[in-house]
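Read the structure below first, then the notes.
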Amino acid sequence: MENIRCFIAIELPPEVKAELTRLQNKFRSSPGGNSPRWVAPEGIHLTLKFLGNVPTDKIPAITQVIEEAARETPELRLEIGECGCFPNNRRPQVIWVGLTGDLTTLDELVKRLESSLARLGFKPEGRPFTQHLTLARISDVATPAERQAIGEAISKTKSDVAAGLNVTGICLMQSELTPKGAIYTRLIEAKLKKNEKTG
């Protein structure tokens, strides 16, 4: 049976991707800015759950889980927050930008998905959900000095991203790995419950 590599995510509007591009360019010009592997802005999503390689016959059940979680979740507003590193600024491996806004609603959505997907055999995440967008991953060949320079640049840089996003739906995305990078395709989108606050 065929498998597809997929994940559940919130897609970003073009204006947010443009702001993330500007933010990435700011870091590129800082010390050590050539060491990270920068994520192409068109490929940045807010990942809610990575599912891995899934048999195609499971997709209808996953779709039902996503649609049910969406129906129970009101539309929400998110803003781009400050930048940070995993695991920390002293030895960064991943550069990310955080989110602010309706994070309680977002966390409740993730918990709904996790609970229902566990019944389908998907293992729950072993750590709490962290609301972030990945901007770059640091190359394994980066020297300790380069990592330190990157961490210092991150700690001194304000994200100053003006764009936010009104989240009206969640998507099941397919990820195809190619030599030129991953290609993402939206398989389904489930609309969240209408909320007057987000317009």
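The values are calculated or read from the model by the stated rules, or taken from the named source; none is laboratory data. Every value quoted in this text rests on a predicted model; they were computed, and no experiment measured them. For neighbour counting, all protein chains shown are included, and Cβ atoms are generated from backbone atoms with ideal geometry for every residue, glycine included.
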Any idea which of (1) assigned to a strand (DSSP E or B); (2) closer than 18 Å to ILE10 by Cα; (3) modelled with pLDDT under 95 is the one PHE129 doesn't satisfy?
(1)
Report whether or not LEU20 is closer than 29 Å to LYS156 by Cβ and touching a residue at least 12 places away in the same chain (Cβ under 8 Å).
yes
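Per-residue answers, yes or no, for (1) under 29 Å from ILE188 (Cα atoms); (2) of a type in the set (A, V, I, L, M, F, W, C); (3) modelled with pLDDT of 95 or more; (4) part of a strand (DSSP E or B):
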position	(1), (2), (3), (4)
VAL16	yes, yes, no, no
PRO31	no, no, no, no
THR63	yes, no, yes, no
ILE66	yes, yes, yes, no
ALA69	yes, yes, yes, no
PRO92	no, no, no, no
Across segment 164-199, which residue is nearest to GLU15 (Cα to Cα) among those that are among the aliphatic types (A, V, I, L, M) and at pLDDT 95 or above?
VAL167
Yes or no: THR100 in contact with an Asp or Glu (Cβ under 7 Å, 6 or more places away or on another chain) and surrounded by 13 or more Cβ atoms within 10 Å (Cβ to Cβ)?
yes
Residue hits (segment 142-157; hydrophobic (A, V, I, L, M, F, W, C) and either buried (at least 16 other Cβ atoms within 10 Å of the Cβ) or not in a helix (DSSP H, G or I) (or both)) are ALA142, ALA149, ILE150, ALA153, ILE154
Condition test on ALA142, is it modelled with pLDDT under 85 and closer than 27 Å to ILE188 by Cβ?
no
Of all the residues that make up segment 175-195, how many are in a strand (DSSP E or B) and farther than 17 Å from VAL54 by Cα?
6
Limited to segment 51-61, what total is found for residues that are small (Gly, Ala, Ser) and not in a helix (DSSP H, G or I)?
1
Go through segment 158-176 and report how many residues are loosely packed, with under 13 Cβ neighbours inside 10 Å and either aromatic (Phe, Trp, Tyr) or under 17 Å from the mean Cα position of the chain (by Cα) (or both).
1
Can you spot a residue in segment 116-124 that is assigned to a helix (DSSP H, G or I), surrounded by fewer than 18 Cβ atoms within 10 Å (Cβ to Cβ), in contact (Cβ under 8 Å) with a residue 24 or more places away in the chain and in contact with a helix residue (DSSP H, G or I) (Cβ under 9 Å, 6 or more places away or on another chain)?
yes
Only one residue in LEU109, LEU172 is among the aliphatic types (A, V, I, L, M), in contact with a Lys or Arg (Cβ under 9 Å, 6 or more places away or on another chain) and either farther than 30 Å from SER35 by Cα or in a loop (DSSP other than H, G, I, E, B) (or both). Which one?
LEU172
Yes/no for GLY84 being part of a strand (DSSP E or B), at pLDDT below 90 and under 17 Å from the mean Cα position of the chain (by Cα)
yes
Do we have VAL39 as closer than 14 Å to ALA136 by Cα and of a type in the set (A, V, I, L, M) here?
yes
